Amino acid sequence: MPQKVVDLNGEVIAIRRLRAAATLPRFIALCCLLGAVVAVGLAFTNWVLWSSLAFSAGVFFLLARSIEHGAVWAVWLLAALVGGLTMLLMLAGVLESIRTSKPDLAGFAGVVMLLIPCWICVRLALKAVWRPRSRIARINTSPRIAWRWLPRDDRLRTALGTFTGSLVIYIAGIVPAGVFAILAGGHMLIFGIVYLPVAFLAGRLWNRGRRQLALRVQEIRKLDTRAPVLLLRSFGDDNLPLERRYRMGWFLHAPKEAFTLEEYVVNRIWHLGPVIAVGNPSEDLSPLGAAREYVSDDRWRTSITQYLDESVYVVCILGSTPGLRWEYEQIQARGKQDSLLIVIPPKPIEEVQRRWAVLRSIFHRAASVDIFSDSRLGVPLLALFSSSEASPVVLYCRYNNETGYALAFNRLFEWLIPPVINSDAPRSPTLS
């Protein structure tokens, strides 16, 4: 049966344009917020001033969020605000020229330099929404942990101590970084550079606390009684990094341990069922992602076959190790070939094709599916094998990062009919 190829590039480009356009109201919100903080410190009694600035910061922040999510009204409101600003600045320039009886060329040049980036942002946003609105997908963020997912033993106490140490380091580092920034002329870039080593240590501690809270398979299955989703992968891909999109406050996020492909995949597919896996017995702490069961070398095959029989979906990070080859054979033998999702890791296309060749040699339905790299389509991100009557689906994108995979999973959930996909479905027990 021929494969179906899905091109995600148009949607990703629209998302990138909206995010770029949202930087303008977000920057204004940040300026208003800083102004409110300064106003509170210098003129606390003038509550009208600092409250107005704080309210304006909130309004512009909400406007930025709405633009990121593709709200057409927010884009047109941004265009109206920039248009109004343009008219006011032009009118002010004309009045100044009349008052001084000579053209204010320096002021005109300054206005142009100010307005050019503003109109670039407006143009990007308008190009993004000037298309069927249903094609602009909202990127779901990592869900927050619920209290009921937390372990009730020494792991919780240990993790709380780790989190406390991380927060103390985060807060204590602000003072020396701020002093250096003030001495250097008040540049936020200097603050970020000086704060980077502090955030590096604090971020590592924070991630360690998250890993200390990891629940085991038996604990997760008591809390979530749905049929599980089995995650298969090579142990070498447990900490495979995934490029994240740019965020404000980058100096807080950059030093943390790499955001992994497994962590993101598990957060997205938890709506289908609790995600479980057999863990690497040599690791001290579970990686962020699926709930692990740790078994001896002579028992892991028994656990895999049991979980395959119980699982509603099988999700596999494409690999080629001997253990994964055996798991491919079990998928074929136990009739799970109609509920299989292959996550293609962000590796060079030559390595991806080598791994895919191993899958094709074992998994019959993949034998007719070709994986390739194309200058227009990009590289494959996901491959879905659903019912035997449906063609295999491969999703391609030029961006094999967080945004690309997010759009791929958004499209994937349009086709899958899981046991539970709604707002009340249990969420992934991953602390963000």
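For the stretch 60-127, the equivalent ellipsoid derived from the Cα gyration tensor has semi-axes of 30, 11, 8 Å, listed largest first.
In the chain, a dipole from Cβ-located charges (positive for Lys and Arg, negative for Asp and Glu) runs towards its positive end, and of ILE15, GLY84, ASN401 it is GLY84 whose Cα lies farthest in that direction. On a 0 to 90° scale, report how tilted helix 105-129 is relative to the longest principal axis of the chain, with both axes built from alpha carbons and the result rounded to the nearest 10. Helix 105-129 sits roughly 30 degrees off the main axis of the chain. Annotation: the residues SER311, SER234, SER387, sorted from fewest to most other C-beta atoms within 10 Å of their own C-beta, follow the order SER387, SER234, SER311. Taking each DSSP H run with n ≥ 4 as -39500 (n - 2.57) and averaging over every residue of the chain yields -18000 deg cm²/dmol at 222 nm. Charging the Cβ of each Asp and Glu at -1 and of each Lys and Arg at +1, and nothing else, the dipole of the chain about its Cα centre rounds to 740 debye. Computed from Cα positions, the angle between helix 9-42 and the longest principal axis of the chain comes to roughly 50 degrees. Rg and Dmax, both from the Cα atoms of the chain and both in Å, are 25.8, 92. Rg then Dmax, both in Å and based on the Cα atoms of the stretch 326-407: 12.8, 38.
For the stretch 8-105, the alpha-carbon radius of gyration amounts to 1.41 times the rule-of-thumb value 2.2 N^0.38 Å expected for a compact globular protein. Note on the stretch 281-322: percent of Cα-Cα distances in each 5 Å bin, starting at 0 and stopping at the bin with the largest distance, equals 5, 15, 21, 30, 26, 3. Proximity of backbone amide H atoms, modeled 1.01 Å from N, is registered between LYS4 and VAL393, VAL394 at under 5 Å, excluding neighbours fewer than 5 places apart on the same chain.
Just so you know, all these numbers are worked out from the coordinates, no wet-lab data involved. On a predicted model such as this, the values are computed, not experimentally measured, just so you know. Every residue, glycine among them, receives a Cβ derived from its backbone with ideal geometry; neighbour counts consider all protein chains shown.
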